[in-house]
Amino acid sequence: MVRLKALDGNDASPMCFGCMQFGGTADAAASRAMFDACRDAGINFFDTAHTYTGGQSEELLGNFIKQDRDALIIATKTGYTGGSGRENILAQFDDSRFRLKLDAVDILYLHRWDPKTPLFETFEALRELQAQRKIRHIGVSNFAAWQVMKAQAVAEQLGTRIDIIQPMYSLIKRQAEVELFPMALSEDIAVAPYSPLGSGLLTGKYQAGGAGRLSTDTRYAARYGQAGMAETAQALSALAREWGTDPATLAVAWAAKHPAVSAPIISGRNAQQLEPSLKALRVCLTSEQYSQIEALSARPAPATDRLEETGA
């Protein structure tokens, strides 16, 4: 796996905290409590985005990081709205720096692929920000492997590179295993996957009658309402009971163990909800345990039909 370093030279923590809920489902007090719980657990890697909670996520994170900024790795994202053109990237990034109260961030991600803007324009703007020491690393989120490599070719022409990717990944969303993870291992790219809990499905709360995004947001309900996903969540909960732990802890520990993964992104609405994910920091699954969990969901089909050459 690839690890990034904070300004003080320390490695990035093996998990990242995603601040998407700051200023939304988590008010300022709950957000502060989660930030403190993460720091107490040794997490120094925090992720936000220009678009999260109308800017409140960045503002709250900016208030929390004042004391030990150099020990932290701060990532934000641009271009979810408005595209990845130069003007939009620079304008949104200026907003983000103002909200975060920072002159520079460690990682600036392109939040999603923009088919309408030439990659040369996008990466020229990102290279300029690097030259001005306003960003340290370039990342991409929600890109397919071919999109990463196409963008990487342009970045390298301009004298820079993509250092980190941010795909979706969990026991019930495993598409990243097919091409993104092998690509990252081959090309020395860090991986910070999001939603290791499958938007809460893998915590078991929905089987117990709980509520959350899957019951309130039709997009998430469609994403995690596919055949077999609920059965996988039930099986993980049963395994967690057998092992005397929490299904969320197992889900995060499993995602973290993949050799391509640098730091899965965990999150929550409050410190109590976050606690089982933080416990995964202290879990080291054996190969046998990893395989038991892995068998609870279908392995995605390989990228080639020449199965005799893949060992599948």
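Read-outs throughout are calculated quantities, based only on the coordinates presented, and are distinct from any laboratory measurement. This structure is a prediction, so every number in the text was calculated from the model and none was measured. Here Cβ is always computed from backbone atoms with ideal geometry, including for glycine, and neighbour counts include all displayed protein chains.
Among the lysines, which fall within straight-line cross-link reach of LYS5, defined as a Cα-Cα distance under 18 Å, with same-chain neighbours fewer than 8 residues apart omitted? Output for LYS5: LYS134. Loop-located trypsin sites (Lys or Arg not before Pro) in the range 1-81 (DSSP state not H, G, I, E or B) with no more than 10 neighbouring Cβ atoms inside 10 Å: LYS66. When you restrict to C-alpha pairs under 8 Å that are six or more residues apart and normalise by the size of the chain, the relative contact order lands at 19 percent. The helix-only estimate of mean residue ellipticity at 222 nm for the chain, built from DSSP H runs of length n ≥ 4 each weighted as -39500 (n - 2.57), is -12000 deg cm²/dmol after division by the residue total. Amide H to amide H distances under 5 Å link LYS5 with ALA12, where only residues 5 or more positions off or on other chains count and H is placed in the peptide plane. With the convex hull drawn around the C-alpha atoms of the chain, the volume per residue stands at 138 Å³. Derived scalar couplings between HN and Hα for the range 103-109 equal 6, 8, 10, 7, 9, 10, 8 Hz in order, rounded to whole Hz, by the Karplus curve 6.51 cos²θ - 1.76 cosθ + 1.60 (θ = phi - 60°), x for Gly and Pro. Dipole of the chain computed with +1 at Lys/Arg Cβ and -1 at Asp/Glu Cβ about the Cα centre; of ALA28, LEU197, ALA155, farthest Cα towards the positive end is ALA28. Straight-line cross-link reach from LYS173 at under 23 Å between alpha-carbon atoms covers these lysines, not counting any fewer than eight positions away in the same chain: LYS77, LYS205, LYS257, LYS279.
Extending 7 Å from the Cα toward the beta-carbon at both ARG306 and ARG112 defines two label points whose distance is 3.5 nm.
With a Förster radius of 41 Å applied to the C-beta separation of VAL178 and ASP94, the computed FRET efficiency comes to 0.65.
For trypsin sites (Lys or Arg not before Pro), the sites in the range 208-312 that DSSP calls loop and that have at most 11 other Cβ atoms within 10 Å are ARG306. In this structure, the amide hydrogen of ALA49, modeled 1.01 Å from its nitrogen in the peptide plane, lies closer than 5 angstrom to those of GLU58, LYS77, counting only residues at least 5 positions away or on a different chain. If R0 is taken as 41 Å, the Cβ-Cβ distance between LEU185 and ALA230 corresponds to a FRET efficiency of 0.85. The Cα center of the range 180-209 and the Cα center of the range 243-303 differ in position by 8 Å. Model label sites at ARG161 and ASP27, defined 7 Å from Cα along the beta-carbon direction, differ in position by 4.7 nm.
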